[in-house]
Amino acid sequence: NKIILPGTTRERGVENVRIHLGNYTITTNKDGTFEFPSLTPDIHRVRIEFSDLPSYLTAITPEAVDIKVEGGKETNFDFVLAYFGALSGKLQLANEPTMKLEEEPELQDIRVYLEGSDFETLTNLDGSFILGDVKPGKYKLKVDPDFLPKELEIDPKDIEIEVHGKEKIDKLQLPIRYRTKPEEIKIF
């Protein structure tokens, strides 16, 4: 049983992380291993103390897991950790009509988020955004339509990304566009 970092050339453990099993608490060794000796055959809930992890790491496995221990067998489990990733980009305005500078809609404070997660941010004055400390995984990057100025709408195409630990994805473009005005039909 140990805590490992994926994506490195070799696995290395994290020392001094508390692991809980019922009323028992142990701390990982210098190589990241931990052991609960003499467990009865049963399903045991094991929990890692997230507050003990270094701030640059996140857990891929859940905080608490149920592990089946069988009599006469050694049971192994690895809490898998990873470095955070990051991404940045800009809102890309399409089909822009000719207009005066003061008529252009503001691209500031528009919510950009990763669907199905808690990762979100607001855009800067120029429509740029940065999402830091993103847990590795696959996501859909989206613009919240409720935050857009009334004359703009989102492009319905989803942007799927995969975030890896220690990686920054740059220059993402989120398409938005001016709403198309319905054509007026005049009857003579």
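The values are calculated or read from the model by the stated rules, or taken from the named source; none is laboratory data. For clarity, every value in this text was computed on a predicted model and none was experimentally measured. Counting neighbours? That spans all protein chains shown, and the Cβs are built from the backbone with ideal geometry, glycine included. To get the accessible areas, we keep the full protein, side chains included, count just its heavy atoms, and leave off ligands, DNA and RNA. Shrake-Rupley method; radii C 1.70, N 1.55, O 1.52, S 1.80 Å.
The listed residues are L87, L93, L5, L21, and the only one of them that is modelled with pLDDT of 85 or more and touching a Gly at 6+ places or on another chain (Cβ under 9 Å) turns out to be L87. Among the residues of the range 105-126, the ones that are part of a strand (DSSP E or B) and crowded, with 21+ Cβ neighbours inside 10 Å come to 2 in all. Between a residue in the range 27-48 that is part of a loop (DSSP other than H, G, I, E, B) and any residue that is loosely packed, with under 13 Cβ neighbours inside 10 Å, which pairs come within a Cβ distance under 6 Å, given they are 6 or more apart or on different chains? What qualifies is P41/E70; P41/G71.
Out of all the residues in the range 49-62, which are part of a loop (DSSP other than H, G, I, E, B) and open to solvent by 40 Å² or more (accessible area, probe 1.4 Å)? Scanning the range 49-62 gives S55, Y56, I60, P62. For residues that are open to solvent by 60 Å² or more (accessible area, probe 1.4 Å), at pLDDT below 90 and not in a strand (DSSP E or B), tally how many sit in the range 127-150. Of the residues in the range 127-150, 2 are open to solvent by 60 Å² or more (accessible area, probe 1.4 Å), at pLDDT below 90 and not in a strand (DSSP E or B).
Selection of the range 164-173 for residues being farther than 15 Å from G89 by Cα and either part of a strand (DSSP E or B) or open to solvent by less than 90 Å² (accessible area, probe 1.4 Å) (or both) yields H164, G165. Scanning the range 80-88 turns up no residue that is among the β-branched types (V, I, T), open to solvent by 40 Å² or more (accessible area, probe 1.4 Å), in contact (Cβ under 8 Å) with a residue 12 or more places away in the chain and touching a strand residue (DSSP E or B) at 6+ places or on another chain (Cβ under 7 Å).
State yes or no: is V14 in a loop (DSSP other than H, G, I, E, B), touching a residue at least 12 places away in the same chain (Cβ under 8 Å), in contact with a strand residue (DSSP E or B) (Cβ under 8 Å, 6 or more places away or on another chain) and within 14 Å of V80 (Cα to Cα)? Criteria met by V14. Taking (1) out of contact with any Pro (no Cβ under 9 Å at 6 or more places or on another chain); (2) open to solvent by 80 Å² or more (accessible area, probe 1.4 Å); (3) touching a residue at least 40 places away in the same chain (Cβ under 8 Å) in turn, I161 satisfies each apart from (2). Considering the conditions (1) surrounded by 14 or more Cβ atoms within 10 Å (Cβ to Cβ); (2) part of a strand (DSSP E or B); (3) of a type in the set (A, V, I, L, M), V65 is excluded by exactly one of them, (1).
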